[in-house]
1. Tell me which residues, restricted to the stretch A:227-269, are away from every other protein chain (no Cβ under 14 Å), assigned to a helix (DSSP H, G or I) and charged (D, E, K, R).
2. Output the residue which, of all residues in the stretch A:46-68 that are surrounded by fewer than 16 Cβ atoms within 10 Å (Cβ to Cβ) and not acidic (Asp, Glu), is farthest from the other protein chains (Cβ to nearest Cβ).
3. Kindly provide the set of residues from the stretch A:153-183 that are free of Cβ contacts under 8 Å to residues at least 60 places away in the same chain and charged (D, E, K, R), ordered by number.
4. If I filter the stretch A:69-123 down to residues being closer than 19 Å to A:Asp133 by Cβ and among the basic types (Lys, Arg), which single residue comes out as farthest from the other protein chains (Cβ to nearest Cβ)?
5. Looking for something among the polar types (S, T, N, Q) and in contact (Cβ under 8 Å) with a residue 60 or more places away in the chain - is there at least one such residue anywhere in the stretch A:134-152?
6. Would you mind finding the one in B:Ser41, B:Ser33, B:Ser23 that is of a type in the set (Ser, Thr, Tyr), modelled with pLDDT of 90 or more and over 21 Å from B:Asn279 (Cα atoms)?
7. Across the stretch B:168-188, what is the total count of residues that are of a type in the set (D, E, K, R) and either part of a strand (DSSP E or B) or at pLDDT 95 or above (or both)?
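The values are calculated or read from the model by the stated rules, or taken from the named source; none is laboratory data. None of these values were measured; they are calculated from a predicted model. Glycine also receives a Cβ, built like all others from the backbone with ideal geometry; neighbour counts cover every protein chain displayed.
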2 protein chains.
Amino acid sequence: MTEQISVAGEQYEREQKLKLKLSKIKHKIAVISGKGGVGKSTITANLAMAFAMQGHENKVGVLDADIHGPCIPKMLGLKGQTLIGGPGGLLFPVVGKLGIKVVSMDFLLPNDEAPVIWRGPLKMRAIQQFLTDMMWGELDYLFIDLPPGTGDEPLSVMQLIPDLDGAVIVTMPSEVSQAVVKKAVSFAKQMGVPIIGIVENMSGFVCPDCGAKVNIFRAGGGKKMAESLSVPYLGSIPIDPNICNDSDNGLPFIAENKTSPATEAFKEIVKKIEQFSENTETARFKEIKK
Amino acid sequence: MTEQISVAGEQYEREQKLKLKLSKIKHKIAVISGKGGVGKSTITANLAMAFAMQGHENKVGVLDADIHGPCIPKMLGLKGQTLIGGPGGLLFPVVGKLGIKVVSMDFLLPNDEAPVIWRGPLKMRAIQQFLTDMMWGELDYLFIDLPPGTGDEPLSVMQLIPDLDGAVIVTMPSEVSQAVVKKAVSFAKQMGVPIIGIVENMSGFVCPDCGAKVNIFRAGGGKKMAESLSVPYLGSIPIDPNICNDSDNGLPFIAENKTSPATEAFKEIVKKIEQFSENTETARFKEIKK
């Protein structure tokens, strides 16, 4: 009996700690896709960079919730860093350029080859600790990069963070990937998470030699899909070999290629997400005043 | 106590049923990647088609173990089909071109939008049923398409099928995706699954207008990685817009584009996998004779 009370007590304490942590983060935005390899992590890393560049320096965080395949540290040039312990068993996120705070499973692994062979319950616990036992401090924006699928990790994040601003859904133009991404839209709707909108990544390719436009993965499907599902369409990002090179070198492309079509497209998307978050803030403020 | 015995009895019975099913399938090959979106399902669908075309008609099966994002039915032109019940509660796989037998979560969903919001234990159970309660019949080859990561689904498949021939590991040339694929190699090694080799997908792009070669996702990393990890390198498949179009139309590209560089590259890979499986068979035969 005493043991039962202490377990319940511990859980209550953990929930209160989580609530307190989250209350210091103004906006929480999940980036989801349903299908892997559509560039979710690239979009997340560049979103963080864009917001840090536009008036939120030292106030942006990224939670890499992909336990099996964490890519955010590499994309933000933070490979090889580790989480450092602070007072009371808390950990400090790794701090990157423009004060972006990053937490990722990658910071806890001995090397690149080490796989994390975990079933669901352990992953849920890890994500909870990444939120609760971490010195996030006061943030304007926390971006959460979720692994593909609608299983343990996305479920955990959505249950642990009940006040998510919403989800950005990333897709590729191919029909195969869109079929899967539709599931992500239904998933967010069923979980009661607002959908900020759909981003179509790798949309068309311009040959750098001759300028011919080739739709390697087809193009335009993202917009059609957004219309048919009645969710906002945020924009399309063309294929650009620099994006891959920059990601490999740990440089978000929007910081490196200030005038490329991909950067221009991305900036438009950032504006729409910012607008959405500001509206969320206004709505919350009105709610409190009532 | 009686209840305990009946649970243990049920489990024993299930294990025996699974063993019997698997004994009728000569070769079981898992296709894994660690990272999503590297073309695992495309490779799996085309492998199945290649083996069916080369002397194994009606003797090839595909188990789509991606519960959240099943793509195999679309790629093999089987969208909209369902699993049909047989005697004793067993189910029949959907049969495609050249008698390829396919089992996928997709055949059980009401539509494309329906997400499968399941945590790990349920997924394990589903995969078990896909193997045990299915009329696979006698097969020469069963290809298992696994979702990205090293979590519940791959773990389940490797524990349920102890006599896997081995794993084909698919990667993309970018460093970011290779870092994650290394984890898949370690995972297979730790689970005691032989590694058939590494396939590098989306390796370089030839502009159809001017013939310029552009390495959108870089190229050549797969071979280097295979060497550094001391595992066989099976080959590289170039980017070809036809592959995406064919996949969207449910036509495996090796059946549709008989002379393209991608098809040529793929055929070489098929040869190596066949050789590996034949060696496995010889080794097993010797083992039995001892």
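1. If the condition is that a residue be away from every other protein chain (no Cβ under 14 Å), assigned to a helix (DSSP H, G or I) and charged (D, E, K, R), then A:Glu227, A:Glu256, A:Glu264, A:Lys267, A:Glu268 are the ones that fit.
2. A:Gly55
3. Passing the criteria: only A:Glu175.
4. Looking at the filtered set, the residue picked out is A:Lys101.
5. Yes.
6. The conditions single out B:Ser41.
7. 0
For (1) under 26 Å from A:Gly120 (Cβ atoms); (2) touching a His at 6+ places or on another chain (Cβ under 7 Å); (3) without any contact (Cβ under 8 Å) to a residue 60 or more places away in the chain, each residue gets a yes or a no:
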{"residue": "B:Ala30", "(1), (2), (3)": "yes, no, no"}
{"residue": "B:Gly36", "(1), (2), (3)": "yes, no, no"}
{"residue": "B:Asn58", "(1), (2), (3)": "no, no, yes"}
{"residue": "B:Gly80", "(1), (2), (3)": "no, no, yes"}
{"residue": "B:Leu90", "(1), (2), (3)": "no, no, yes"}
{"residue": "B:Val95", "(1), (2), (3)": "no, no, yes"}
{"residue": "B:Met105", "(1), (2), (3)": "yes, no, yes"}
{"residue": "B:Met124", "(1), (2), (3)": "yes, no, yes"}
